[in-house]
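What follows is a set of notes on a single structure, which appears directly below.
The values are calculated or read from the model by the stated rules, or taken from the named source; none is laboratory data. Since the structure is predicted, the reported quantities are computational estimates derived from the model, not experimental observations. Quick reminder, even Gly has a Cβ in these numbers, built from the backbone with ideal geometry, and neighbours come from all protein chains shown. With ligands, DNA and RNA removed, areas are computed over all heavy atoms of the protein, side chains included. Shrake-Rupley method; radii C 1.70, N 1.55, O 1.52, S 1.80 Å.
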Amino acid sequence: MYSTLTTELSTGILVITINRPDKLNALNKAVIEELSLAIEEIYTRPEIKSAIITGSGQKAFVAGADISEFLALDTAGGKALAQKGQDILFTKIEKSPKPIIAAVNGFALGGGCELAMACHFRICSDTAKFGQPEVNLGLIPGYGGTQRLTQLIGKGRATELLMTGNMIDANTALQYGLVNYVVPQDELLNKTRSILDIINTKAPLAITAVIKAVNAVFDETKNGFDIEINEFGKCFGTADMKEGATAFLEKRKANFTGK
């Protein structure tokens with residue numbers, strides 16, 4: 001179905017692999033559009049409970065954008081490029097009602113770092129490196145990098161990385177809070193799957209509510225506490241809440257149905 005991606009669905013987890021190893025899995029128009037379609041599958045296919053985004057090979061997750069596509073753009077074209085990317089992909093990942101985790105297997109630079117940050121959280125190999133080197137091209141990030149990097153690691157550290165274009169290694173990313181875990185390369189997908197295997201046993205509507213409430217922290221148009229109150233209340237109207245509470249009282253494992 002895809003020319004720049006491979007996908008594999010197993011035990012409710014869709015693994016999306018960006019498959020341009022000769023280009024270090026760089027983002028171009030085709031990759032962004034195909035990723036958007038793959039994310040749409042996550043939204044619409046009930047058999048998909050969660051997803052992983054990773055890169056092919058052991059060198060790069062996504063080593064930036066395809067710079068050759070930039071040279072013909074003017075001010076309006078650059079703005080349109082950023083707007084489209086955010087609308088059809090990066091915001092769509094962040095607002096996905098199902099968990100999407102980045103398994104960062106190497107370089108995550110520029111748009112690659114932005115792609116990882118749009119995911120709900122990140123796990124990386126010990127060989128991973130992160131950076132937003134756009135200033136070296138006379139640019140800034142355009143797919144949410146200035147905002148999400150600051151949210152994740154704080155203003156001072158984010159501003160330094162954005163201004164210097166420097167890369168950080170996996171252990172520094174862990175120290176900064178950019179990733180949740182650092183594991184050997186050959187354990188990366190298994191570690192990511194193991195966490196999603198746990199999440200997939202929980203009530204799906206509650207997981208969606210968690211995503212919505214956490215995202216509200218960073219949305220200035222919303223009151224996160226109000227979102228939490230509303231989502232908490234809505235959970236009481238679900239069959240899953242009744243099942244979860246009953247199973248707890250009966251000292252048995254809950255069987256959630258997403259209803």
field: Those residues of segment 227-259 which are open to solvent by 100 Å² or more (accessible area, probe 1.4 Å) and among the aliphatic types (A, V, I, L, M), in sequence order
entry: ILE229, LEU249
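Just name the residue that is nearest to ALA102 (Cα to Cα) out of those in segment 192-213 that are among the β-branched types (Val, Ile, Thr) and without any contact (Cβ under 8 Å) to a residue 24 or more places away in the chain. Before the answer, list the steps.
We begin by selecting, within segment 192-213, every residue among the β-branched types (Val, Ile, Thr); these are 192, 195, 198-199, 201, 207-208, 210-211.
Okay, now just the ones that are also without any contact (Cβ under 8 Å) to a residue 24 or more places away in the chain, so 198, 210.
Details: ILE198: 16, VAL210: 18 Å.
Here the answer is ILE198.
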- line: Residue hits (segment 1-24; within 23 Å of LYS191 (Cβ to Cβ), in contact (Cβ under 8 Å) with a residue 12 or more places away in the chain and of a type in the set (S, T, N, Q)) are THR6, THR7, THR11, THR17, ASN19
Residue identified as more than 23 Å from TYR43 (Cβ to Cβ), out of contact with any Pro (no Cβ under 8 Å at 6 or more places or on another chain) and open to solvent by less than 30 Å² (accessible area, probe 1.4 Å) among GLY85, GLY131: GLY131
- request: Could you look through segment 214-226, keep only residues that are under 15 Å from GLU94 (Cβ atoms), of a type in the set (A, V, I, L, M, F, W, C) and not in a loop (DSSP other than H, G, I, E, B), and pick out the one that is most open to solvent (accessible area, probe 1.4 Å)?
  value: VAL214
- line: Expected output for segment 102-121 (first residue under 17 Å from LEU161 (Cα atoms) and in contact (Cβ under 8 Å) with a residue 24 or more places away in the chain, partner of a type in the set (Phe, Trp, Tyr) and open to solvent by 10 Å² or more (accessible area, probe 1.4 Å), Cβ below 7 Å, 6+ apart or cross-chain) is GLY111/TYR143; GLU114/TYR143
- line: When THR91 is run through (1) open to solvent by less than 10 Å² (accessible area, probe 1.4 Å); (2) without any contact (Cβ under 8 Å) to a residue 60 or more places away in the chain, the failure sits at (1)
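Each row is one residue, and each column tells you yes or no for (1) over 21 Å from ASP22 (Cα atoms); (2) in contact with a helix residue (DSSP H, G or I) (Cβ under 8 Å, 6 or more places away or on another chain); (3) crowded, with 20+ Cβ neighbours inside 10 Å.
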position: ALA108; (1), (2), (3): no, yes, yes
position: GLY112; (1), (2), (3): no, no, yes
position: LEU137; (1), (2), (3): yes, yes, no
position: GLY142; (1), (2), (3): yes, yes, yes
position: LEU152; (1), (2), (3): yes, yes, no
position: GLY156; (1), (2), (3): yes, no, no
position: ASN171; (1), (2), (3): yes, no, no
position: LEU174; (1), (2), (3): yes, no, no
position: GLY177; (1), (2), (3): yes, yes, no
